[in-house]
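*Asks:* Handing you this structure, nothing more for now.
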């Protein structure tokens, strides 16, 4: 079983293919298996890696709450690269993994060839922060009291998951089953240490404006908590593009794998060719019609 030792924690990973490294970072309700449809596609062109976050067996499940944080999540990506002797990599994350990918790019821009930040932003909208924190705590308690299978069934039927269930019942059932196989302790600690304490996307504006790594923002159009943060990131990051997948919820890499893979491939191809550039400042004159300097 391949593992990387990162900050006294063993992280399980899977890899396939050869070429430039492409690291996939999973969401809260997933694990390395969530990326199988991407690993199979991108390993034809890249050295693909998917790992389980701390708290997700067969990676270690630290029992100390302080072992879980947004900073640790970003540092685990860097630690995986270090353990494998990789100087730089493309990094693609969804939801919790999208947050980790974004913070990895902010903390270690010199280590990122590019960033794909998908489905990131839950709990960021100012008016929703208190509700998000309360729901996260309630869900953590459910993991502790009711265990994985019962709580996984509840979580997998959330308002941004029903789109996947409607489109692909077989795929959704596999997603639900894999979630139920996780660690209740790991999920509860991750909710409290990572989800509840991470900053709002809207608090990162000044840092995002300085981010110069090629970045692709992705979201489903029915992933309501992530729509406004996605637009905010697009406007703040000078190297960002935005893809919105129609009639889609949160788990877009599984819900619409062909559209997801095509968008990411087009992005990576442009980055690798040196064709993904900063936004032309002439597109931001303050007018919907007139060029800069027009009276």
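Nothing in this text is a laboratory measurement; each read-out follows from the coordinates by a stated rule. What you are looking at is a predicted structure, and each value in this text was computed from that prediction instead of being measured. Neighbour counts are summed over all protein chains in view; Cβ atoms, including those assigned to glycine, are modelled from backbone coordinates with ideal geometry.
*Asks:* In Å, what Kirkwood hydrodynamic radius results for region 152-203 from the alpha-carbon pair distances?
*Replies:* Here the Kirkwood hydrodynamic radius works out to 12.5 Å.
*Asks:* I would also like to ask the following. Where the centre of each part is set by its Cα atoms, how far does region 97-120 sit from region 219-269, in angstrom?
*Replies:* 14
*Asks:* What's the exposure ranking of 122, 99, going from fewest to most Cβ atoms within 10 Å?
*Replies:* 122, 99
*Asks:* What residue among 191, 204, 242 has the largest mean-square fluctuation in a Gaussian network model of the chain, using Cα springs under 10 Å?
*Replies:* 204
*Asks:* Another question about this same structure. Take the alpha carbon atoms of region 6-74, find their center, do the same for region 199-218, and report the distance between the two centers in whole angstrom.
*Replies:* 22
*Asks:* Debye calculation, C-alpha points only, no solvent: report log10 I(q)/I(0) for region 1-96 at q = 0.12, 0.13, 0.15 Å⁻¹, in the same order as the q values.
*Replies:* -0.33, -0.39, -0.52
*Asks:* Using a Gaussian network model on the chain with a 10 Å cutoff between Cα atoms, which of 116, 162, 23 fluctuates the most?
*Replies:* 162
*Asks:* Given a cut-off of under 8 Å on Cα pairs at least six residues apart, what relative contact order in percent is computed for the chain?
*Replies:* 18
*Asks:* So what's the angle, to the nearest 10 degrees on a 0 to 90 scale, between helix 70-83 and the longest Cα principal axis of the chain?
*Replies:* For helix 70-83, the angle is close to 90 degrees.
*Asks:* Computed from the mean reciprocal separation of all distinct C-alpha pairs, what Kirkwood hydrodynamic radius does region 117-204 have, in Å?
*Replies:* Its Kirkwood hydrodynamic radius stands at 14.0 Å.
*Asks:* Ok, one more. May I ask you to give the average projected area over all directions of the convex hull of the Cα atoms of region 157-295, in nm² rounded to one decimal?
*Replies:* 11.1
*Asks:* What angle do you read, to the nearest 10 degrees and between 0 and 90, between the alpha-carbon axis of helix 224-236 and the longest principal axis of the chain?
*Replies:* 40
*Asks:* Please state the shape class of region 58-134: rounded when a/c is under 1.5, otherwise prolate if a/b exceeds b/c and oblate if not, all from the C-alpha gyration tensor.
*Replies:* Note, shape of region 58-134 comes out oblate.
*Asks:* Moving to a separate point now. Can you give the calculated 222 nm mean residue ellipticity of the chain, where each DSSP H run of n ≥ 4 adds -39,500 (n - 2.57) and the sum is split over every residue, rounded to the nearest 500 deg cm²/dmol?
*Replies:* After summing the helix terms and dividing by the residues of the chain, the value is -12000 deg cm²/dmol.
*Asks:* Related question: Report Rg(Cα)/(2.2 N^0.38 Å) for region 239-295, keeping two decimals.
*Replies:* 1.58
*Asks:* Just to be sure I understand the model, the point goes 7 Å from the Cα along the line to the Cβ. What's the resulting residue 63 to residue 107 distance in nm?
*Replies:* Here the modelled spin labels are 2.5 nm apart.
*Asks:* Here's a follow-up. Which of 74, 184, 130 ends up with the largest GNM mean-square fluctuation for the chain, with Cα atoms connected below 10 Å?
*Replies:* For the chain, modelled as a Gaussian network with Cα springs under 10 Å, the answer is 130.
*Asks:* Where Rh is the Kirkwood radius over the Cα pairs of the chain, the temperature 4 °C and the viscosity 1.567 mPa s, what D in µm²/s does Stokes-Einstein return?
*Replies:* Answer from the Stokes-Einstein relation: 67 µm²/s.
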